Amino acid sequence: MTRVTADVTFLRDYNQALVMAVGRTARTFERSTVVEATGLTPQAVSKVIARLTADGLIRPAGRRRPGIGKPAVVYELVPDSRYAIGAHVARRTLRLVLVDLAGTVHHSAVSPLPRDFTPEQLLDALSTGIDTLAGIDTLAGIGDLRSRLTGLGIGMIGPLDHANGLVRDAHGLRHWHDVPLREIAEKRLCLPVHLDKDVTAGITAEAWRHGATFGDAALIMVESGIGGGFWLGGAAHRGAHTNAGEFGHTVVDLTGPRCVCGRHGCLEIVHQHAAEAGDVAHAARVLAVGVVNLLQTLDLAHVVLAGADLLRHPQTYLAAVTEAVGADARRADWLSTRVALSSLGADVIAAGAAMQVLDQHYGIPELAPI
């Protein structure tokens with residue numbers, strides 16, 4: 001491909017992504033809506049709308065009759081035109097969800113994973129789970145799912161090299177040293193695969209749910225460990241080596257217990273000791289200290305709490321973090337952070353992984369609010 005052709009292809013795909021973003025943000029839209037929100041010319045918007053309509057991604061939804069001039073065609077997104085499957089790989093379980101083009105979760109299922117599971121055991125579970133989803137599509141009224149399936153997104157335990165699709169020594173799993181999970185999953189499952197850290201997938205889901213006004217944010221996950229996913233400057237933040245998010249391995253007690261990572265007094269191990277002792281209130285306060293430290297570093301507008309272990313005591317954790325954030329505010333009149341539980345509950349990681357797949361094909365550049 002020549003440079004000119006590459007640039008033209010990029011521009012076409014980018015413009016298409018802008019129009020798709022409008023389709024997700026507004027229930028219905030006109031050409032003028034897209035022009036105003038994106039800054040594209042009316043001619044460029046018309047071409048993109050024609051392509052998306054031909055591909056079945058959007059469709060006419062009537063006409064609006066203004067006081068002056070010709071009636072304007074109104075369009076809407078076709079959510080069931082494309083689907084993606086998302087997988088959340090935890091140390092004990094595999095959760096699979098089916099997500100449509102609008103980001104709606106249509107089906108969610110969780111199955112156990114063997115203790116200290118191997119890559120082959122995970123691939124077996126993924127294959128079985130995807131076959132099960134494909135088998136229920138008719139019962140769910142979806143029809144032929146396979147023909148509309150964009151791919152599989154995997155939210156995985158870190159450390160992880162997102163750029164190269166490698167799982168590097170996942171904490172607590174002995175068989176995961178530099179495993180090329182993206183490559184072997186694509187070969188085994190015959191699907192495009194997107195691999196990312198679990199927390200990065202989770203914050204992507206929250207960004208989809210909140211839209212263009214989300215701002216800088218973190219998703220804090222407590223589930224057999226503690227991680228943090230970051231949304232900074234309108235995009236997921238992965239760091240220089242795509243391994244950002246090891247929030248649980250920040251030290252909060254220099255003389256604390258030895259952590260699985262080899263250091264002493266990490267937030268994760270201090271929290272774990274409190275939780276295992278049955279002192280959930282203290283465990284929640286430990287997490288809250290870590291969150292406040294994070295806010296002092298990154299100045300975030302939103303903190304979203306998630307994870308199976310946290311969701312067993314959601315109000316305890318929510319109250320502890322909210323109280324700590326409020327008490328630590330040096331200038332409450334202008335430094336404010338909203339703390340909330342994930343609106344997607346236990347599905348947030350898997351749903352975010354599916355949304356990342358849809359982003360790859362029908363991405364959402366940052367938009368002015370519509």
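The values are calculated or read from the model by the stated rules, or taken from the named source; none is laboratory data. Small disclaimer: the values here were computed from a predicted structure and weren't measured. Glycine gets a Cβ as well: all are built from the backbone with ideal geometry, and neighbour counts include every protein chain shown. For the accessible areas, the whole protein counts, side chains as well, though only heavy atoms, and no ligand, DNA or RNA atoms are used. Shrake-Rupley method; radii C 1.70, N 1.55, O 1.52, S 1.80 Å.
General observations
- Hydrodynamic radius of the chain per Kirkwood, over alpha carbon pairs, in Å: 21.9 Å
- A probe of 1.4 angstrom, applied to the heavy atoms of all protein chains, finds Leu181 with accessible area near 0 square angstrom.
- Taking Cα centre as origin and charging only the Cβ of basic (Lys, Arg, +1) and acidic (Asp, Glu, -1) residues, the dipole magnitude of the chain rounds to 1080 debye.
- Selected from Gly56, Leu94, Gly135, residue furthest toward positive end of dipole (the chain; charges at beta carbon): Gly56
- Toward the positive end of the charge dipole of the range 111-251, with +1 on the Cβ of Lys and Arg and -1 on the Cβ of Asp and Glu, the farthest Cα among Val251, Leu166, Ser147 is that of Ser147.
- Longest segment of the chain lacking trypsin sites (Lys or Arg not before Pro) that sit in a DSSP loop with at most 12 other Cβ atoms within 10 Å: 175-329
- Accessible area per residue for the chain is 47 Å², calculated with a 1.4 Å probe on protein heavy atoms, without ligands, DNA or RNA.
- Near Val78, the amide H atoms lying under 5 Å from its own belong to Ile58, Arg59; only residues 5 or more places off or on other chains count, and H is placed 1.01 Å from N.
- Simple Cβ-charge dipole of the range 71-122, Lys/Arg +1 and Asp/Glu -1, about Cα centre, in debye nearest 20: 300 debye
- Within the accessible area of the chain (1.4 Å probe), percent carbon and sulfur: 53 percent
- For Lys187, the lysines whose Cα comes closer than 25 Å to its Cα, not counting residues fewer than 8 places off in the same chain, are Lys197.
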